[in-house]
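Take a look at the structure below.
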Amino acid sequence: MTNELVRARRTDTELSIEIAGTPLRRYLAVRSRLLVVQHDGIHRLDHVPEPTIDAVDSSDTRHFSFHSGDIRASEHPGFVRLVGKQIVLPIDAAPVDLARSYSSERRFPAFTVAIDPGTGERITSTCDPAKLSTHAIDRGTPHYLTRVYFRRDVLKRYTSQPSRYRMENDRLSCLGLWGISIGTNPDGFIEVYLGDLGRDLPTEERDHWLSFNVPPSGGRDEARHDRDILGRWADGPPDPLSRLFAARQHFSATLRLPLPGTGSGWCPQGGINRSVRKHACVLAGRGRTDCRSGLLLCLCAVRATSGDEKLYGCTSRQGSGSWCGSHHRWS
């Protein structure tokens, strides 16, 4: 077996496996690990070595013992043995450099930051933080916090490799090597600060992002602006799943509230009462009496028994392991 990282060779007497040293040590650096290799080899001899061998080789990263002996056997009584441990250290490099297979120059491509209203042409700017303006220094260039936008497809490269990249609502990171703050504007474009592109991304990643760069459109990410610029508390992006569960809990609690002018609720004692169950099953159709579409049918039955002159019903069907329904109204 042979590839760029591992080579294995087998003969009649031994198996040899070789691992590329530099990629291995780069991996150790990324994971903040040390690799300890244990050696233990013994070779039988027809005679006992004379004089006896007893040698030690030791340093900060290894310790080996080589010795001989007699096992008092009629056949192959002598032996020599090598036993010890060796530490493989990670490569000594800055974290940002570990993201690159080979050294590369730092390039700062120009990104589109605006559209000229007179000509309709794109206005571009370097993302080199040293050349951008800040609140303290005006260099006659766009501000460090100028918003730059990208098509959402720019993230596919990272979402397809969850073991290497971590995606959060407001941040993208790679194995602790680099990370960049991101946002999403109302039009669904990914929003990044111009200076962050030059400060937080490796050169190769900037080239990738450049290919998805688009002119500003749809406004800014207001929650991100409140947090980063105005220093205000701001809620994160909406979580549809959490909102669905909250709505379900609210609905269940509402069913237990007393009806106006009565002492009973929609569904007393935490369940669907007999009257409601009867209506729900009738509305379900086809003589179904199990009422498996629980909340949906109960909602229709509650509406039908609430004293309203309008009767609301529901038909349901089961497919692909879930229930779906459509609403009807009869005068």
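General observations
- Of all residues in the range 174-219 being in contact with an Asp or Glu (Cβ under 8 Å, 6 or more places away or on another chain) and part of a helix (DSSP H, G or I), the one that is surrounded by the most Cβ atoms within 10 Å (Cβ to Cβ): Gly198
- Within the range 127-139, one or more residues are among the hydroxyl-bearing types (Ser, Thr, Tyr), within 22 Å of Asp228 (Cα to Cα) and part of a loop (DSSP other than H, G, I, E, B).
- The set of residues from the range 171-210 being in contact with a helix residue (DSSP H, G or I) (Cβ under 8 Å, 6 or more places away or on another chain), more than 30 Å from Asp92 (Cβ to Cβ) and either acidic (Asp, Glu) or without any contact (Cβ under 8 Å) to a residue 24 or more places away in the chain (or both) comprises just one member, Glu191.
Yes/no per residue for (1) outside the structural domain of Arg164 (by TED's automatic domain parsing); (2) in contact (Cβ under 8 Å) with a residue 60 or more places away in the chain; (3) in a strand (DSSP E or B); (4) loosely packed, with under 14 Cβ neighbours inside 10 Å:
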| residue | (1), (2), (3), (4) |
| --- | --- |
| Glu50 | yes, no, no, yes |
| Ala55 | yes, no, yes, yes |
| Phe66 | yes, no, yes, no |
| Arg81 | yes, no, yes, no |
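- Only a single criterion out of (1) in contact (Cβ under 8 Å) with a residue 40 or more places away in the chain; (2) assigned to a strand (DSSP E or B); (3) of a type outside the set (Ser, Thr, Tyr) is not satisfied by Ile123, namely (1).
- Filtered residue count, the range 6-21, keeping only those that are surrounded by 10 or more Cβ atoms within 10 Å (Cβ to Cβ) and either assigned to a strand (DSSP E or B) or touching a helix residue (DSSP H, G or I) at 6+ places or on another chain (Cβ under 6 Å) (or both): 8
- Arg151 in the same structural domain as Arg220 (by TED's automatic domain parsing), closer than 26 Å to Lys131 by Cα, surrounded by 17 or more Cβ atoms within 10 Å (Cβ to Cβ) and among the basic types (Lys, Arg): no
- In this structure, Thr52 does not satisfy being under 52 Å from the mean Cα position of the chain (by Cα) and among the polar types (S, T, N, Q).
Table: residues versus (1) modelled with pLDDT under 95; (2) in contact with a Gly (Cβ under 8 Å, 6 or more places away or on another chain); (3) farther than 20 Å from Cys127 by Cα.
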{"residue": "Ile190", "(1), (2), (3)": "no, yes, no"}
{"residue": "Gly195", "(1), (2), (3)": "no, no, no"}
{"residue": "His208", "(1), (2), (3)": "yes, no, no"}
{"residue": "Asp226", "(1), (2), (3)": "yes, no, yes"}
{"residue": "Ala246", "(1), (2), (3)": "yes, no, yes"}
{"residue": "Phe251", "(1), (2), (3)": "yes, no, yes"}
{"residue": "Pro260", "(1), (2), (3)": "yes, no, yes"}
{"residue": "Trp266", "(1), (2), (3)": "yes, no, yes"}
{"residue": "Gln269", "(1), (2), (3)": "yes, no, yes"}
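- Residue within the range 141-154 that is under 30 Å from Arg26 (Cβ atoms), part of a loop (DSSP other than H, G, I, E, B), within 19 Å of the chain's Cα centre (by Cα) and not aliphatic (A, V, I, L, M) present: no
The values are calculated or read from the model by the stated rules, or taken from the named source; none is laboratory data. Computed from a predicted model, the values in this text were never measured in an experiment. Virtual Cβ from ideal backbone geometry, glycine too; neighbours counted across all protein chains shown.
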